[in-house]
Every structure is written in C-alpha cells, then in structure tokens.
1. Taking the dipole about the Cα centre of the chain, with the C-beta of Lys and Arg at +1 and of Asp and Glu at -1, give me whichever of Y121, Y39, F3 is farthest to the positive side.
2. Stretched out fully, how many nm does the piece from K82 to Q28 gain, at 0.36 nm a residue minus the Cα gap?
3. Take the solvent-accessible surface of the protein heavy atoms, probe 1.4 Å, and return the percent of it on the range 75-129 that carbon and sulfur atoms account for.
4. Let me spell out the model: positive unit charges on the Cβ of Lys and Arg, negative unit charges on the Cβ of Asp and Glu, origin at the Cα centre of the range 21-142. What dipole size does that give, in debye rounded to 20?
5. Return the subset of K42/K140; K82/K102; K22/K103; K42/K78; K78/K103 for which the Cα-Cα distance in this structure is over 27 Å, preserving the input order.
6. Applying the Karplus parametrisation 6.51 cos²θ - 1.76 cosθ + 1.60 with θ = phi - 60° to the phi angles of the range 48-62, what ³J(HN,Hα) value in whole Hz is obtained for each residue in order, glycine and proline being reported as x?
7. Return the sequence-ordered ³J(HN,Hα) values of the range 66-79 in whole Hz as given by the Karplus equation 6.51 cos²θ - 1.76 cosθ + 1.60 applied to θ = phi - 60°, using x for Gly and Pro.
8. What does the charge add up to near L142, with Lys and Arg as +1, Asp and Glu as -1, over the other residues with Cβ less than 12 Å from its Cβ?
Amino acid sequence: MVFAKIVETEKEYEDAIHIRRKVFVEEQDVPLHLELDEYDMKSTHFVAYDGDTPFGAGRIRIAEPHVGKVERVCILPKYRGKHLGNLMMDCMEKYALDHQFKKLKLNAQSQALPFYEKRGYTITSPEFLEANIPHRAMEKEL
C-alpha cells in the first residue's frame, strides 16, 4: 500500500531525513549543513511509504501568518514518474487547508516547475541559485 502521512514518530522522522539525505545530499550534492537546517525543528514533516519502505519526504513551516512554506519535497529515483509527487503534495496541501493556511509558497528547482504549475502554483521570481541549483519562487492561493 502506497501512502503519505504527517510524521508522528521518531522513526517516521528518521525515515523522512533518510530520504532527504539520499535525494538532496547524495544525488544532488547539496551540502549536509544546508539540507538539515534550523527550520527542521520548527516544521511539520511528511513521509511517504510503499508498505514499510519510505520513498518520499517533505516539510511545511509557517512563513508568515496563514502562509506556509513547502520545502524539501523529494521522491527517491525509482519512484519518480509514477505521480507520487502528487501524493506527497496532496497530503501537504490537505494539512495546510486543515490548519487554515491561505497561501503556500515554495522554492522549486527549475526542472520541477511544470510539476508545480500543474498543481496551480505560479512563478513569482526570476531564477536564482539555492545550493548551486537553479530555482524559482512559486506560490498558490488555497
């Protein structure tokens, strides 16, 4: 069974961090000190599983009143191309709606812009580098 959920236990948190390390640190060469940051303790984390096997992660933090910042959304390579990023985002957006967020913001890697645009996010910035990876700021009214 494939599902995404809010992290509720230490094991689920460790699973989410493991996925982020695999994707961002190992695959994309993001320095560990940039990937794991001061916002981890202030964020609500999410993890996706295929049975007992974690394959996706993400987090939301409060950016300003009623505005959430979606961050660190990632899926392991073997699970990509199967619409499982949508599973993660559905879970995260449901959380945002349940907590009366009015808007979500994110910094999308430029290669992921079409994914977020299909979900209703609009580009709000020129391209910029974050951890040496091209990004664009995006947002979505809820």
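The values are calculated or read from the model by the stated rules, or taken from the named source; none is laboratory data. The structure presented is a predicted model; accordingly, all values stated were derived computationally and were not measured. Glycine also receives a Cβ, built like all others from the backbone with ideal geometry; neighbour counts cover every protein chain displayed. We work out accessible area using only protein heavy atoms, side chains counted, and drop any ligands, DNA or RNA first. Shrake-Rupley method; radii C 1.70, N 1.55, O 1.52, S 1.80 Å.
1. Towards the positive end, the residue furthest out is Y121.
2. Details: separation 54, 0.36 × 54 = 19.44 nm, distance 2.04 nm.
Using 0.36 nm per residue and subtracting the Cα-Cα distance, I get 17.4 nm.
3. Values: 1840 of 3230 Å².
Here carbon and sulfur together make up 57 percent of the probe-accessible area.
4. Values: 18 positive and 19 negative charges, 69 e Å.
Dipole about the Cα centre, nearest 20: 320 debye.
5. Working: K42/K140 22 Å; K82/K102 29 Å; K22/K103 29 Å; K42/K78 30 Å; K78/K103 31 Å.
Pairs exceeding 27 Å: K82/K102; K22/K103; K42/K78; K78/K103.
6. 10, 10, 10, x, 9, 9, x, 9, x, 8, x, 8, 10, 10, 6
7. Once rounded to whole Hz, the list reads 6, 10, x, 10, 7, 9, 6, 6, 7, 10, 4, x, 5, 9.
8. Numbers: positive: K94, K102, K103, K105, R119, K140; negative: E93, D98, E139, E141.
Residues close to L142 contribute a combined charge of +2.
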